[in-house]
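Remarks on the structure that follows.
The values are calculated or read from the model by the stated rules, or taken from the named source; none is laboratory data. Remember, predicted model here, so these are calculated numbers, not experimental data. Positions of Cβ are generated from backbone atoms using ideal geometry, with glycine treated the same way; all protein chains shown enter the neighbour counts.
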Amino acid sequence: MRLIDADVLRQTMYHEAFETDSYMQKWDGGCWIRYKMFENGIESAPTIDAVPVVHGEWIEDVSFLGTTTGGTTVYHGYHCSVCGGLMGRKNDLYCYKCGAKMRGENNG
């Protein structure tokens, strides 16, 4: 799938069809109708609710979670640089909590 800006596409179509110095400026009525049908098709196309890709990285995290009868419990893992979500391993491509796309030596 390729996301496009429908407003820019519509402006480009109009410019190419009617504002450039070309033979296309002499469209007949049938061409105008086809142009309007295409323009209506753009207008009626579904809008995708897309968000920009957020990039982050796993940051090494050593936390002391408390003491038990056997001593201090230590958590060694990684946290997301965007939201702080904790992960036990570094090679996940996305943060499970915020969806950030991870980059780095093992993350792509």
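Is there a residue in the stretch 24-46 that is part of a loop (DSSP other than H, G, I, E, B) and either under 30 Å from residue 85 (Cβ atoms) or modelled with pLDDT of 85 or more (or both)?
Yes - at least one qualifying residue is present in the stretch 24-46.
Mind listing whichever residues of the stretch 60-89 are part of a loop (DSSP other than H, G, I, E, B) and either hydroxyl-bearing (Ser, Thr, Tyr) or at pLDDT 75 or above (or both)? Give the derivation first.
At the first step, the residues of the stretch 60-89 found to be part of a loop (DSSP other than H, G, I, E, B) are 69-70, 81-85, 88-89.
Within the stretch 60-89, 69, 81, 82, 83, 84, 85, 88, 89 qualify.
In the stretch 48-59, what count of residues is obtained for those that are at pLDDT below 85 and either surrounded by 12 or more Cβ atoms within 10 Å (Cβ to Cβ) or of a type in the set (Ser, Thr, Tyr) (or both)?
0
Among the listed residues 92, 5, identify the single one that is among the charged types (D, E, K, R), out of contact with any His (no Cβ under 9 Å at 6 or more places or on another chain) and at pLDDT 85 or above.
5
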